[in-house]
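These notes are about the structure you will find just below.
The values are calculated or read from the model by the stated rules, or taken from the named source; none is laboratory data. What you see is a predicted model; the values in this text were computed from it and never measured. Please note: Cβ atoms are built from the backbone with ideal geometry, for glycine as well, and neighbour counts cover all protein chains shown.
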Amino acid sequence: MCQYRNLTQIEIEQLEKNGCTCSNWEEVTVKDSFDTHYVKNTQFSGKIRLGIFKSWFELAGGLQKHSGINNAVIHNCEIGDNVVIENVHNYIANYSIGNDCFIQNVDVILVDGMTTFGNGVQVNVLNETGGREVHINDKLSAHFAYIYSLYRHRPILIERMKTIIDSYCEKHASNRGIIGSNSMIVNVGYIKNVLIGEHCKITGAMKLKNGSINSNVHDPVYIGRNVIAEDFIISSGSTIDGGSIITRCFVGQACHIDHGYSASDSLFFSNCQGENGEACALFAGPYTVTHHKSTLLIAGMFSFMNAGSGSNQSNHMYKLGPIHQGIVERGAKTTSNSYVLWPAKVGAFSLILGRHSQHADTSNLPFSYLVEKDNSTYIAPGVNLRSVGTIRDAKKWPERDKRKDPNRLDCINFNLLSPYTIQKVFAGIDILKNLQETAGETSEIYTFQSCIITNRSLQRGLHLYDIIVHKFLGNSIIKRLEGTHFKSNEEIRKRLDPGNRPGLGEWVDISGLIAPKTEIDDLLNKIESGELSKLKDINHIFEKLHQDYYENEWTWAWDKIQSFYHLNANEITAADVIGIVEKWKESVVSLDEMIYCDAKKEFSLSFKTGFGADGNIQDRAMDFEYVRGAFDKNPFVIATLKHIEEKKALGDELISRLSPLTF
């Protein structure tokens with residue numbers, strides 16, 4: 001531990017000549033190499049520790065500034081080595097300031113009494129009036145928050161989780177703040193009861209009160225001009241800028257909030273983006289994106305979602321208050337001027353067009369379009385499977401993961417197809433077939449939860465759902481059998497056997513983490529019993545479930561392969577597997593061809609409208625090509641064609657390995 005000493009009489013005299021004052025110089029201690037030359041016009045009080053001032057800072061534009069303290073009032077602080085503190089208009093009180101920090105032109109930075117720095121703040125997510133509140137903390141994951149907010153039907157569980165959070169908050173309570181090493185705080189107004197991590201940059205913020213900024217060397221945080229934040233936690237790698245205002249909010253890792261975004265009582269998890277618009281009581285799971293001034297996200301749960309301009313929801317029917325909520329499952333999109341009247345639940349990877357007030361639950365009709373027509377909601381089941389946008393989204397999410405912190409809070413499964421979505425496809429098939437049986441196959445329209453499905457949409461939905469089931473199950477069996485040359489059907493059966501791995505039954509999407517419900521229930525039981533009593537232990541189980549996803553997925557897929565293809569695990573042969581692979585090849589090629597055709601629409605003549613200013617059709621085509629590129633050279637189109645060939649080759653390779661066993 002570094003040794004500090006009292007000031008010498010000569011040093012005290014020199015400091016006083018430099019314009020410094022102190023009510024009791026005995027309470028000021030310094031390191032051995034302390035140099036009074038770099039401390040000027042400063043008023044000290046309380047216990048003070050000062051490091052050394054030897055290095056220079058190089059600022060933008062080439063200006064150099066030597067470390068030191070100038071024009072400041074400092075009370076009860078520890079200041080590290082090679083720090084710049086100057087032009088503090090009021091004072092800095094009760095802070096430990098790390099090495100190599102740069103603090104310039106600030107009003108006040110203080111800690112007043114015991115504080116938990118935003119840990120334990122109650123966020124009334126989903127329901128503005130309370131009842132689903134989440135108490136935020138530094139280690140909050142999307143999965144913990146999902147369970148804590150939605151599982152209110154298990155009061156003992158919620159009580160135990162609250163106790164765990166309270167214990168964490170008590171452990172981290174302090175009457176002294178921290179400004180981590182290598183941080184920069186410049187042109188800032190008011191900072192009170194805020195813990196600031198290493199390598200944080202705060203420039204021009206207006207007000208920061210009661211929060212934690214969990215910046216670190218791996219993934220710094222930036223807080224920019226005119227930001228106001230109260231009762232908050234901001235995780236590593238995030239940016240809050242452009243006059244944004246957040247109140248009672250958790251901001252997860254690598255989030256970006258900018259351009260005057262306003263949010264209250266909201267949770268934003270990894271890689272969310274919020275610009276221009278508003279959020280209230282929002283549960284924004286990973287990759288929730290909203291960019292438009294006219295967009296309000298309120299009292300809803302989303303993930304992997306892109307909100308179109310003017311998207312809006314209502315949680316208030318002017319009767320009992322703003323008590324209604326909605327859930328939009330992963331991968332959904334809203335078009336411009338879309339509207340949903342809560343309560344409602346929208347299935348995964350669906351597209352919402354127009355205004356909807358039927359309170360429908362389409363969670364078992366994933367990949368659908370919800371279209372407003374004549375004040376009614378029309379559902380087109382499965383049609384989003386053939387959309388180029390859906391596939392593009394699935395590819396871009398992993399590429400846009402901006403988290404650099406090695407300690408990731410959220411376990412994110414990016415898979416478009418999983419036991420979670422395919423179980424809903426199976427449920428969707430049952431729904432559509434039951435509608436057929438009830439109303440007859442020749443009926444022109446079918447009614448589902450006050451919504452309308454046309455005969456054509458129903459038939460197409462069954463076809464698309466059948467394709468995607470073949471694709472997922474085929475993918476699973478090919479992956480399971482890859483890289484092995486089998487000598488007998490018995491060896492194939494042995495490899496296909498998942499053993500005692502979990503995975504049977506229902507799967508759940510816990511805001512980005514896809515896992516068997518049995519395993520989540522086991523976790524919840526352990527929390528209720530007190531077996532798990534620390535946040536880090538709960539997060540470790542989330543990580544383990546994420547790591548084990550593919551092994552557990554196979555357990556589920558193998559069970560479905562047997563029932564869907566009417567096979568017996570003890571009797572399956574190479575010929576049976578080849579039959580599945582042939583179906584898979586047919587489905588993959590068919591779906592890719594649909595996606596290819598959908599992409600081609602983007603290059604049709606009508607989409608070239610507005611190109612080639614003041615020219616003829618030929619000029620328009622050339623201008624379009626120079627801006628957008630040629631269809632056959634488009635990277636996504638090339639990738640789609642390559643995907644078709646690769647998948648054909650993959651299926652053929654497995655067939656060639658298994659064919660000798662069919663004779």
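Scanning segment 281-296 for residues that are under 17 Å from the mean Cα position of the chain (by Cα) and either surrounded by 24 or more Cβ atoms within 10 Å (Cβ to Cβ) or outside any loop (DSSP other than H, G, I, E, B) (or both) returns 281, 282, 283, 284, 285, 286, 287, 288, 289, 290. Among the residues of segment 228-240, those that are buried (at least 24 other Cβ atoms within 10 Å of the Cβ) and either hydrophobic (A, V, I, L, M, F, W, C) or in contact with a Gly (Cβ under 6 Å, 6 or more places away or on another chain) (or both) comprise 229, 232, 233, 234, 235, 240.
Against the definition (touching a Ser or Thr at 6+ places or on another chain (Cβ under 8 Å) and more than 20 Å from residue 214 (Cα to Cα)), how does residue 65 come out, yes or no? So residue 65 does not fit the description; no.
Does residue 490 satisfy being farther than 30 Å from residue 268 by Cα, out of contact with any strand residue (DSSP E or B) (no Cβ under 6 Å at 6 or more places or on another chain) and either part of a loop (DSSP other than H, G, I, E, B) or among the charged types (D, E, K, R) (or both)? It is true that residue 490 is farther than 30 Å from residue 268 by Cα, out of contact with any strand residue (DSSP E or B) (no Cβ under 6 Å at 6 or more places or on another chain) and either part of a loop (DSSP other than H, G, I, E, B) or among the charged types (D, E, K, R) (or both).
Considering segment 370-400 alone, what residues qualify as being under 30 Å from residue 235 (Cα atoms) and either more than 21 Å from the chain's Cα centre (by Cα) or at pLDDT 95 or above (or both)? Those that are under 30 Å from residue 235 (Cα atoms) and either more than 21 Å from the chain's Cα centre (by Cα) or at pLDDT 95 or above (or both): none in segment 370-400. Please indicate, with yes or no, whether at least one residue in segment 14-25 is under 45 Å from the mean Cα position of the chain (by Cα) and either under 22 Å from residue 188 (Cβ atoms) or not aromatic (Phe, Trp, Tyr) (or both). No, because not a single residue in segment 14-25 is under 45 Å from the mean Cα position of the chain (by Cα) and either under 22 Å from residue 188 (Cβ atoms) or not aromatic (Phe, Trp, Tyr) (or both).
Taken together, 163, 129, 116 contain a single residue that is under 20 Å from residue 528 (Cβ atoms) and either among the acidic types (Asp, Glu) or not assigned by TED's automatic domain parsing to the domain that holds residue 87 (or both), which is 163.
Between 510, 492, 478, 468, the distinction of being under 30 Å from residue 163 (Cβ atoms) and crowded, with 16+ Cβ neighbours inside 10 Å belongs to 510 only. Of all residues in segment 496-513, exactly one satisfies the criterion of being touching a residue at least 12 places away in the same chain (Cβ under 8 Å) and polar (S, T, N, Q), namely 511.
Only residues that are out of contact with any strand residue (DSSP E or B) (no Cβ under 8 Å at 6 or more places or on another chain) and crowded, with 22+ Cβ neighbours inside 10 Å: list them for segment 133-163, please. Of everything in segment 133-163, those that are out of contact with any strand residue (DSSP E or B) (no Cβ under 8 Å at 6 or more places or on another chain) and crowded, with 22+ Cβ neighbours inside 10 Å turn out to be 141, 144, 161. Name every residue in segment 371-385 that is touching a residue at least 40 places away in the same chain (Cβ under 8 Å) and in contact with a Phe, Trp or Tyr (Cβ under 9 Å, 6 or more places away or on another chain), in order of residue number. Once the filter is applied, which keeps residues that are touching a residue at least 40 places away in the same chain (Cβ under 8 Å) and in contact with a Phe, Trp or Tyr (Cβ under 9 Å, 6 or more places away or on another chain), segment 371-385 yields 378, 379, 380, 381, 382, 383, 385. Being assigned to a loop (DSSP other than H, G, I, E, B), aliphatic (A, V, I, L, M) and surrounded by fewer than 24 Cβ atoms within 10 Å (Cβ to Cβ) is the requirement here; does residue 327 meet it? So residue 327 does not fit the description; no. You will find that of 97, 79, 85, 92, the residue that is touching a residue at least 60 places away in the same chain (Cβ under 8 Å) and either touching a strand residue (DSSP E or B) at 6+ places or on another chain (Cβ under 9 Å) or buried (at least 24 other Cβ atoms within 10 Å of the Cβ) (or both) is 97 and no other. Out of segment 513-553, which residues are closer than 25 Å to residue 474 by Cα and either among the aliphatic types (A, V, I, L, M) or buried (at least 22 other Cβ atoms within 10 Å of the Cβ) (or both)? Answer for segment 513-553, where residues must be closer than 25 Å to residue 474 by Cα and either among the aliphatic types (A, V, I, L, M) or buried (at least 22 other Cβ atoms within 10 Å of the Cβ) (or both): 513, 514, 515, 516, 545, 552, 553.
Every listed requirement among (1) more than 14 Å from residue 11 (Cα to Cα); (2) touching a helix residue (DSSP H, G or I) at 6+ places or on another chain (Cβ under 8 Å) is met by residue 62 save one, (2). Within segment 418-435, residues that are crowded, with 19+ Cβ neighbours inside 10 Å sit with their Cβ atoms under 8 Å from residues that are of a type in the set (Lys, Arg), at 6+ positions apart or across chains, in these pairs: 422/560.
Let's see how each residue does on (1) part of a strand (DSSP E or B); (2) aliphatic (A, V, I, L, M):
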| position | (1), (2) |
| --- | --- |
| 153 | no, no |
| 167 | no, no |
| 186 | yes, yes |
| 208 | yes, yes |
| 212 | yes, no |
| 230 | yes, no |
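Of the residues making up segment 11-33, just one is closer than 13 Å to residue 50 by Cα, without any contact (Cβ under 8 Å) to a residue 24 or more places away in the chain and in a loop (DSSP other than H, G, I, E, B), namely 33.
Looking only at residues in segment 196-227 that are closer than 14 Å to residue 101 by Cβ and among the aliphatic types (A, V, I, L, M), the one that is surrounded by the fewest Cβ atoms within 10 Å (Cβ to Cβ) is 217. (1) touching a residue at least 60 places away in the same chain (Cβ under 8 Å); (2) under 23 Å from the mean Cα position of the chain (by Cα): which one isn't true of residue 564, the others all being true? Of (1) touching a residue at least 60 places away in the same chain (Cβ under 8 Å); (2) under 23 Å from the mean Cα position of the chain (by Cα), only one is false for residue 564: (2).
Residues that are in a strand (DSSP E or B), within 32 Å of the chain's Cα centre (by Cα) and within 25 Å of residue 58 (Cβ to Cβ): does segment 75-87 have at least one? Steps first, please.
Start the filter on segment 75-87 by keeping residues that are in a strand (DSSP E or B), which leaves 75, 78-79, 84-87.
Now restrict to residues that are within 32 Å of the chain's Cα centre (by Cα): none.
Within segment 75-87 (the criterion being in a strand (DSSP E or B), within 32 Å of the chain's Cα centre (by Cα) and within 25 Å of residue 58 (Cβ to Cβ)), the answer is no, since none of the residues qualifies.
The set of residues from segment 297-321 being buried (at least 19 other Cβ atoms within 10 Å of the Cβ) and out of contact with any helix residue (DSSP H, G or I) (no Cβ under 9 Å at 6 or more places or on another chain) comprises 297, 298, 299, 300, 302, 305, 307, 308, 311, 312, 313, 315. Among the residues of segment 278-298, the one identified as in contact (Cβ under 8 Å) with a residue 60 or more places away in the chain, out of contact with any strand residue (DSSP E or B) (no Cβ under 8 Å at 6 or more places or on another chain) and not hydroxyl-bearing (Ser, Thr, Tyr) is 286.
One residue alone among 171, 207, 192 is over 24 Å from the mean Cα position of the chain (by Cα) and free of Cβ contacts under 8 Å to residues at least 12 places away in the same chain, and that residue is 171.
Residue-by-condition table, conditions (1) modelled with pLDDT under 95; (2) over 25 Å from the mean Cα position of the chain (by Cα):
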{"site": "473", "(1), (2)": "no, yes"}
{"site": "506", "(1), (2)": "no, no"}
{"site": "518", "(1), (2)": "no, no"}
{"site": "528", "(1), (2)": "no, yes"}
{"site": "555", "(1), (2)": "no, yes"}
{"site": "574", "(1), (2)": "yes, yes"}
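Tally up the residues in segment 117-159 that are in contact with a Phe, Trp or Tyr (Cβ under 9 Å, 6 or more places away or on another chain) and of a type outside the set (A, V, I, L, M, F, W, C), please. Looking only at that region, the number is 13. Taking residue 25, is it hydrophobic (A, V, I, L, M, F, W, C) and touching a helix residue (DSSP H, G or I) at 6+ places or on another chain (Cβ under 7 Å)? Judged against the criteria, residue 25 is a match.
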